[in-house]
Each structure stands twice: as C-alpha cells, then as structure tokens.
Amino acid sequence: RVAARRGVRDALQQGGVMRVVDYFAGLGGFTLGASMAGASVVAAVNHWRLAVDTHARNHPEVAHACEDLTRYDPARLPPFDVLVASPACQGHARARGVASGSSGDARWDSSRATAWSVVDALEVCRPRALVVENVPDFARWSLFGVWCEALTRLGYAPRVQVCDAAEWGVPQHRPRVIVTAVRGKAAPPVPSPMRAPRGIGWVIRWEEGVWTPVASKVAATRARVARGSARFGERFVMPYNGSGSGLTGRSLDRPIGTITAADRWAVVRGDFMRMLLVDELRHAMGFPDGYVVPASRADATKMLGNAIVPAVAATAVRAVMEAA
C-alpha cells in the first residue's frame, strides 16, 4: 500500500493527474473528496438546476451540465479516468417507507433506475475505475445482483462494503454502501481510518439561532424533552421530525444519527430548543467553512442530507486511483 501511494504521488508530480467525472453531483461531496485525493474533476452532471449552480459556485473549474442522467449520452463527456456517482437513493431508503426492492410506484421505480446510468457510462466510456455511493438498502435492491453482474460483464469486478462516516471523524453515524471497481483488476477496499467518535456537541453554536420554548410544543415533544433532560441534563439533541434515538434523544458526546434531506434534528438547551443550524449541518457533514450552500434552509438541508461526506469520498477515490 505504501508503494501504491508513492506511485499515485509520483504520477501526480509528473502531471499524470487522474481525471474524474461526478455523476449525480449534487452539492459536491464527491467532487471535493476527489480533489482532496489529488484528482482533477473535469465534469459534474446533475438534473437539478439549483444543485448545478451551487456546485459551480464551489467548483468553478469543473465543466457542468444540468441533465437527466437517465437520458444523457455519456459520449458527450470529456475524457476521464474515474467515474464517481451517487444515484438517487429515495427509491431504496426505508426511511421513505418504501419496502426495499418494491415495485409498482412509478416514483421509486424511476428513482432506482438511475443506477443504470452508471452502467451506461461504463459501457460507453470505459474509465479505469468507479466509485458508487448509496444508502445501505441499495445492496438489498432486488436488481442489485443484476446491476453488479452488468459491471462485471464490462470488465469491472465490484467490491461492496458499508462505511460509517463517524469513523472519518465527523460527528455523525452515516452508514453508506460504497462500491469500488477497477477495470481488469481486483477492486480495492475502502480503508477506514477508525478515528475515535466525535460528539455532535462539537458543532453546536449555543448562542446562535432562534430558540423557542419547549412549553410551546406538542405534548409528544414535551414528553421526549422531559425524558431526555432526565437522562442527559439540560443539553442534548433529539429527532424532532421522525423517530430515532429512542424516546430520550442523544447525548452531545455521541455522533448524531444520519442527517437526512428533510429537516430532522433539534437541539435542546434547558427550557428552549431549536433545529440544527445549516452551518451545524454543514460541519456535521464534513464540509469546510465557506463552502457555499443555498440560501433557502430547505434547499440547503436537502443538498447536505443527500451528499457524501467528503473525507469518505476522498478515501474511496484514492483507493481506486492507487489500484487502477
């Protein structure tokens, strides 16, 4: 592995920077991670105009396309070496209340079908390597085996593993399936740095935001706050929209649960509470200060909740670069 890392480093020093295309680029977690790994992202494609514009503000050096990738011709892409992709997860995620692999709902069938765009790009462009990220239920999709077989038939033997972003030092448990593949070679694992868990309290800005009285909330929320206060004291986090973390919330000394595309997590301070700030969500996702997100809270939350943690992306991209 040391020799492999040295080989990547030497190639970079000689100007042989690997070129990356980011499919379903969203906010740009994969693009930022690939850049951290020493690659050059040459193109980013996404169907949502706001996401494309936001990505362009953060990565103006990248060529951008606002396209539906299920209808996109990969032959339009510039030459590249590594494809990274985060196909739509909504059709797989059980948080949506949709049974894994179920069919009959056109919205979720269409969402799951976005994964085939990856196969199209591999067949047309034959890049050296691939990294795909999705929710754990992606691997339970009824067609996941067929999807992997398609990659294999194109010369890519995929490796599937689950990585939890908390092991990369972000204050969030975020398990995600990571698929790696290298054309004509064995796919590498994504090595975990196994860092000590970081508590969500690390990102909380206690003097900022608009705090509302707990007494003004519905009975179920007041009851959860009371149970959390009895267990953790005056300050803790809890799911405000949705379930999770039991009936008492979660200690500030622990990583938070998965940050989702819908506003979910609240922080309690004595008799007052508020939702996590966008800046707190940004830091819990591992994006740096100054990284641009939309002005709308709903849009920013959606993009952050759908993103890959950049440090995880960097490790995965570096692994396939070394193996390619």
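The values are calculated or read from the model by the stated rules, or taken from the named source; none is laboratory data. Computed from a predicted model, the values in this text were never measured in an experiment. Neighbour counts are summed over all protein chains in view; Cβ atoms, including those assigned to glycine, are modelled from backbone coordinates with ideal geometry. Surface areas here come from the heavy atoms of the whole protein model, side chains and all, with no ligands, DNA or RNA. Shrake-Rupley method; radii C 1.70, N 1.55, O 1.52, S 1.80 Å.
Given the structure, is VAL162 in contact with a Phe, Trp or Tyr (Cβ under 8 Å, 6 or more places away or on another chain) and not aromatic (Phe, Trp, Tyr)? Write out each step before concluding.
Details: in contact with a Phe, Trp or Tyr (Cβ under 8 Å, 6 or more places away or on another chain): no; not aromatic (Phe, Trp, Tyr): yes.
In short, no.
Of all residues in the stretch 288-324 being part of a helix (DSSP H, G or I) and of a type in the set (Val, Ile, Thr), which is farthest from VAL17 (Cα to Cα)?
Residues of the stretch 288-324 part of a helix (DSSP H, G or I): 297-306, 310-323.
With the extra rule that they be of a type in the set (Val, Ile, Thr), the set shrinks to 301, 312, 315, 317, 320.
Details: THR301: 33, VAL312: 20, THR315: 16, VAL317: 13, VAL320: 13 Å.
Taking the candidates together, the pick is THR301.
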Is at least one residue of the stretch 175-184 touching a strand residue (DSSP E or B) at 6+ places or on another chain (Cβ under 8 Å), among the aliphatic types (A, V, I, L, M) and surrounded by fewer than 19 Cβ atoms within 10 Å (Cβ to Cβ)? no
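Here are some residues: VAL203, VAL210. Which one is within 22 Å of GLY233 (Cα to Cα) and surrounded by fewer than 18 Cβ atoms within 10 Å (Cβ to Cβ)?
Working: VAL203 fails: surrounded by fewer than 18 Cβ atoms within 10 Å (Cβ to Cβ).
After ruling out the rest, the residue left standing is VAL210.
Taking the stretch 176-219, which residues are out of contact with any Gly (no Cβ under 7 Å at 6 or more places or on another chain) and among the charged types (D, E, K, R)? If you could, list the steps in order and put the result at the bottom.
Applying the first criterion (out of contact with any Gly (no Cβ under 7 Å at 6 or more places or on another chain)) to the stretch 176-219 yields 176-182, 185-194, 196-197, 199-219.
Correct list: ARG176, LYS185, ARG205, GLU207, GLU208, LYS217.
Can you tell which of THR315, THR301, THR260 is modelled with pLDDT under 95 and among the β-branched types (Val, Ile, Thr)?
Numbers: THR315 fails: modelled with pLDDT under 95; THR301 fails: modelled with pLDDT under 95.
Every option except THR260 fails the conditions.
Anything in the stretch 45-60 that is open to solvent by 30 Å² or more (accessible area, probe 1.4 Å) and either touching a residue at least 60 places away in the same chain (Cβ under 8 Å) or over 13 Å from GLY29 (Cα atoms) (or both)? List them, or say none. Don't jump to the end; show me each part of the working.
First pass over the stretch 45-60, keeping only residues open to solvent by 30 Å² or more (accessible area, probe 1.4 Å): 47-50, 53, 56-58, 60.
The answer is HIS47, TRP48, ARG49, LEU50, ASP53, ARG57, ASN58, PRO60.
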Here are some residues: ILE308, ILE259. Which one is in contact with an Asp or Glu (Cβ under 6 Å, 6 or more places away or on another chain) and closer than 29 Å to ALA187 by Cβ? ILE308
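Are any residues in the stretch 122-175 in a helix (DSSP H, G or I), closer than 30 Å to ILE200 by Cα and of a type in the set (Lys, Arg), and if so, which ones? Can you show your working first?
The initial filter retains those residues of the stretch 122-175 that are in a helix (DSSP H, G or I), namely 122-125, 136-140, 144-153, 165-168.
From what's left, closer than 30 Å to ILE200 by Cα: 136-140, 165-168.
Of everything in the stretch 122-175, just one residue is in a helix (DSSP H, G or I), closer than 30 Å to ILE200 by Cα and of a type in the set (Lys, Arg), namely ARG140.
Among the strands (runs of 3 or more DSSP E) confined wholly to the stretch 10-77, which include 3 or more residues that are over 21 Å from VAL119 (Cβ atoms)? Walk me through how you get there before you give the answer.
Values: elements: 19-23, 40-46, 63-66.
It comes to 63-66.
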Looking only at the stretch 230-243, decide whether some residue is open to solvent by 60 Å² or more (accessible area, probe 1.4 Å) and more than 28 Å from ARG297 (Cβ to Cβ). yes
Name the residues in the stretch 176-200 that are closer than 30 Å to PHE236 by Cβ, among the hydrophobic types (A, V, I, L, M, F, W, C) and assigned to a loop (DSSP other than H, G, I, E, B), would you? MET194, ALA196
Can you tell me which residue in the stretch 246-287 is nearest to PRO197 (Cα to Cα), limited to those that are over 14 Å from the mean Cα position of the chain (by Cα) and in a helix (DSSP H, G or I)? GLU280
